[in-house]
Structures are given as structure tokens and as C-alpha cells.
Amino acid sequence: MSLVDSVKTDTLPKLLERNAGDNPTAPGIREKTRGVWQTFSWSAYRDMVRDFALAAFSKSRSISSSSVERSAAVTRKVSAPA
């Protein structure tokens, strides 16, 4: 059975969660920063991905909220009697 056939690992977030649960301290990802390789465990990588996703979601909600408020203000100005 491949990873894609399993309900527990059919998406990248599920696979990341499974790896972080099964091997939380095992190396999950390595990246080079200023010529030095940094190793992050599966649990640390999961936490970074979660924090990034929450920040992006929060930012998109604040952008859309302010866009709606601006649109409403423009509509009020346009439709106000002269």
C-alpha cells in the first residue's frame, strides 16, 4: 500500500502530522541557512508549518475584512444623496 492509498496519509498535512506523531524528534527537514545546514525535527517542522498557516489565514481574514469595510464606505459615498 502506498502513502496515497491510506486515509491517514493521503494529504501532505496528514502525512506531516503522522510523522510528527510517530517520530517527533527524528529529523524531518533540513535547510541551508547562510551556508550552514539546519535540521528540524518532525514536531518542530509541524509547529512551524502550523504557525505559518495560522498567520497566513489571519492575515487573509484581516485583508478581506478591511476590503469589505472599504467597499461599504465607497458604496455609502456613491449612493448618498448630493
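Each reported figure results from applying straightforward, stated rules to the coordinates on display, with no laboratory input. This one's a predicted model, so the numbers in the text were calculated from it and none came from an experiment.
List the residues, sorted by chain then number, that are 5 or more residues from residue 28 or on another chain and whose placed amide H is less than 5 Å from its amide H.
Under 5 Å from the amide H of residue 28: 40, 41, 42.
Run the numbers on the range 1-61 and let me know its relative contact order in percent, using alpha-carbon pairs under 8 Å that are six or more apart.
23
Could you give me the ³J(HN,Hα) list for the range 45-52, computed from phi with Karplus coefficients 6.51, -1.76, 1.60 and θ = phi - 60°, whole Hz, x at Gly and Pro?
Per residue, the Karplus-derived 3J(HN,Hα) values read 5, 4, 5, 5, 5, 4, 4, 5 Hz.
Which ³J(HN,Hα) values in Hz, rounded to whole numbers, follow from the phi angles of the range 19-27 under the Karplus curve 6.51 cos²θ - 1.76 cosθ + 1.60, where θ = phi - 60° and Gly and Pro get x?
Ordered by residue, 3J(HN,Hα) equals 5, 5, x, 6, 9, x, 9, 5, x Hz.
Output ³J(HN,Hα) for the range 53-59: one whole-Hz value per residue in order, computed from phi by the Karplus curve 6.51 cos²θ - 1.76 cosθ + 1.60 with θ = phi - 60°, and x for Gly and Pro.
5, 5, 5, 5, 5, 4, 5
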